[in-house]
1. Return the sequence-ordered ³J(HN,Hα) values of the range 180-192 in whole Hz as given by the Karplus equation 6.51 cos²θ - 1.76 cosθ + 1.60 applied to θ = phi - 60°, using x for Gly and Pro.
2. Between the range 187-203 and the range 119-135, what is the C-alpha centre distance in whole Å?
3. Estimate the FRET efficiency between Lys103 and Leu34 by the formula 1/(1 + (r/R0)^6), using the beta-carbon distance for r and 25 Å for R0, to the nearest 0.05.
4. If you take the alpha carbon radius of gyration of the chain and divide it by 2.2 N^0.38 Å, what ratio comes out, to two decimals?
5. Report the residue, chosen from Asp141, Asp113, Asp96, that carries the largest GNM mean-square fluctuation when the chain is represented by alpha-carbon nodes joined by springs under 10 Å.
6. Show me, for the range 89-106, the HN-Hα J-couplings you get by feeding each phi into the Karplus relation (A = 6.51, B = -1.76, C = 1.60, θ = phi - 60°), rounded to Hz, glycine and proline as x.
7. Rounded to the nearest 0.05, what FRET efficiency is calculated for Val93 and Asp123 with R0 set to 30 Å and r the Cβ-Cβ distance?
8. Check which residues have an amide H placed less than 5 Å from Asp35's amide H, if you skip close sequence neighbours.
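Derivation of every value follows stated rules applied to the coordinates shown; laboratory data play no part. Source: prediction; values computed, not measured. Because the Cβ atoms are built from the backbone with ideal geometry, glycine has one as well, and the counts that use them run over all protein chains shown.
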Amino acid sequence: ACHKDGGGTPNNAYGLQFKDAGESLAAFGKIAALDGDGDGAKNADEAAAKSNPGDAKSTPANKGAWLDTASLIPREVQALFPGVREYLPRDAVLTDADIARAKTLGAALSKVDENTIYIPLTDKKPAGTALIFPAQYQGKDFFLLLATDRQLNITSVAPLNATQVPEAKKSKVYAGFKGIALDKLPPASGTGVDAAIAEAVKKAGTLIYVRLKNA
C-alpha cells in the first residue's frame, strides 16, 4: 500500500506519510487521521476496512481487488515469469544475523535495505525470485529489477524506473550479471553509473541470498 507499483518501487503519498512519521508501529497511529490518497477516507478507516489507503480508487465502501495476490505483484515482475499465476511475496526483514552474514559476502546491508521478495510458484514450488530495489547516482534515485532462477542464479537485471538517472537506461552493464550466483556477485568498483548499478545489485542480490538460502 505504501508504494506506487509494489514493494521496492517509489513511495506513494501514503507511503511518504508513513516514512515521515518514522516507519514504525507507532507511525500508524501518527498518520491514522490523515488521508494519504485523498479519497475522503482516513488512513485508519481504510486499514480497518482492508481497503488501500494508498490508492484513491480503493475505499472502505469499494475495496476493489487490491489484496488479491495478482494485484500485489508488480506487472513488470509478472512479465518475467509468463504463465505463472501464483506468487509468494516475502517480506525481507533483516535480522542481526542476516546483516552479519551479508558482511561476510562483501555487502553492507542495514534495516533501510529491507524489501519485498517476489517468489513465483509452479506446482506450489518456487520457480525463482524477483526484487525491485533502489540505486543512487550523484544523489539521485533510480530503480532496478533483478530476477533469478530457483537456484538463485541471476537471470536478468534491468532498469525499472530511471527517470532521474537516464544514464542508467543506457548502461551496458546489465547483461554481465546474467548467470552469476547471488553469493558470488563481485564488489563494485569505480565511481560512474555502472559502479552505482553494480553496488545496488550486490546489495540486492545479497539481501535475497541471506533471507532465502536457508528458508
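1. Calculated HN-Hα couplings, in order: 7, 5, 4, 7, 10, 4, x, x, 6, 9, x, 10, x Hz.
2. Between the Cα centres of the range 187-203 and the range 119-135 lies a distance of 23 Å.
3. According to the calculation, E is roughly 0.05.
4. Ratio of Cα Rg to 2.2 N^0.38 Å: 1.05.
5. Highest fluctuation among the options: Asp96.
6. Each residue's phi maps through the Karplus curve to give x, 10, 6, 8, 8, 7, 8, 4, 5, 4, 5, 5, 5, 4, 4, 5, 8, x Hz.
7. With a Förster radius of 30 Å, E is 0.65.
8. Asn43
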